[in-house]
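Notes to accompany the following structure.
Taken together, the values in this text are just the output of simple stated rules run on the coordinates, not laboratory data. Bear in mind the structure is a predicted one, so any value in this text is a computation, not a measurement. Neighbour counts are summed over all protein chains in view; Cβ atoms, including those assigned to glycine, are modelled from backbone coordinates with ideal geometry.
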Amino acid sequence: MVRNFLLSLAGAALVAGCATGPKALNDGELAVPADYKSWPKFLSAVQRPDAKQVREIYMNPTAAAGSASTGFGNGTVFVMENYAAKANPDGSLATGADGKLVKAELLRVFVMGKNAGWGQGVAESLRNGNWVYASYLANGQKGPDDLSTCRACHLPLAAKDFVHRYDEHFAQKK
Ligand code: HEC
């Protein structure tokens, strides 16, 4: 009797847990996953001489299971490290033996992730499906960036699941 009672209590707790579900995140609430450096690269050493930066983009296993035809599943997270590009004394950008820009200090860690019900706190006109955005400084503190600017610049990519360089990534994956 007692055992049955306890079991039904446990059942009720499970049902309550399911009904509530995981917390739906909004911009600024997605943390930098502690283990992201062990994830596969989405793209490596992205050259951005225009921004005087070099970027490393990591994707979690859910993102790695995405395809050009289906996009990325719920649970996808991307982490992008934005490094300053090393400058020569004359101010021009330095290049290494491989002709590529040289990474200097880490300026920002950008995170974007999608899941069911996420990102519903923003105005309809700036919704990027159920993606949310966050920005961090190299020391882990929140970055000062206005996160609506992230949305505005990723928004035109709706046909590519709001992910820039979607085609470049899937072309490399083949
Ligand atoms: C002016 C346009 C622009 C703005 C603003 C912008 N992004 Fe992006 N984002 C890009 C481009 C372009 C890429 C592809 C990599 C590259 O070329 O640097 C990218 C790539 C990313 C990626 C890697 C996954 C992907 O979609 O390719 C993340 C994560 C990301 N941005 C997050 C953010 C966050 C967070 C913000 C705001 C703090 C932000 N972005 C603001 C243009 C933008």
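Check every DSSP H run in the chain and write down those whose alpha carbon atoms cover 18 angstrom or more along the long axis and whose mean Kyte-Doolittle hydropathy is -0.5 or greater.
Qualifying helices, which must be both long enough and hydrophobic enough, are 2-20.
State, as an integer percentage, the relative contact order of the chain based on alpha-carbon contacts under 8 Å between residues 6 or more apart. Working shown, then result.
Values: 288 pairs, mean separation 33.9, N = 174.
Worked out over the chain, it gives 19 percent.
Would you mind checking Lys23/Lys114; Lys86/Lys174; Lys52/Lys100; Lys114/Lys142; Lys86/Lys160; Lys41/Lys103 for any pair whose Cα atoms are more than 24 angstrom apart? Among Lys23/Lys114; Lys86/Lys174; Lys52/Lys100; Lys114/Lys142; Lys86/Lys160; Lys41/Lys103, the Cα-Cα distance tops 24 Å for Lys86/Lys174; Lys86/Lys160.
All C-alpha pair distances within segment 67-110, sorted into 5 Å bins from zero, spread as 5, 18, 16, 16, 12, 10, 12, 7, 3, 1 percent across the bins. Within the shell defined by Cβ-Cβ distances under 15 Å, the residues around Ile57 carry a net charge of +4, with Lys and Arg each +1 and Asp and Glu each -1. Debye calculation, C-alpha points only, no solvent: report log10 I(q)/I(0) for the chain at q = 0.11 Å⁻¹, in the same order as the q values. The Cα Debye sum returns log10 ratios of -0.56. From the alpha carbon centroid of segment 33-75 to that of segment 126-172 is 11 Å. Ordering Leu126, Gly143, Phe42 by the projection of their Cα atoms onto the charge dipole of the chain, which places +1 on the Cβ of Lys and Arg and -1 on the Cβ of Asp and Glu, puts Phe42 at the extreme positive end. Backbone phi angles across segment 57-69, fed through the Karplus curve with coefficients 6.51, -1.76 and 1.60 (θ = phi - 60°), yield HN-Hα couplings of 10, 10, 10, 7, x, 5, 5, 5, 7, x, 9, 4, 7 Hz in residue order; Gly and Pro are listed as x.
Expressed as cubic angstrom per residue, what is the convex hull volume of the alpha carbon set of segment 20-79? All intermediate terms of the calculation are to be shown ahead of the outcome.
Numbers: hull volume 8.1 nm³, N = 60.
That works out to 134 Å³ per residue.
Mind checking which aspartates and glutamates have their Cα closer than 19 Å to the Cα of Lys173? Skip sequence neighbours fewer than 8 apart in that chain. Qualifying aspartates and glutamates at Cα under 19 Å: Glu56, Asp161. Only the Cβ atoms of Lys and Arg (+1) and of Asp and Glu (-1) were treated as charged; on that basis the dipole of the chain about its Cα centre amounts to roughly 340 debye.
In the P(r) worked out for segment 80-166, what percent of Cα pairs fall beyond 17 Å?
Numbers: 2210 of 3741 pairs.
I get 59 percent for the Cα pairs in segment 80-166 exceeding 17 Å.
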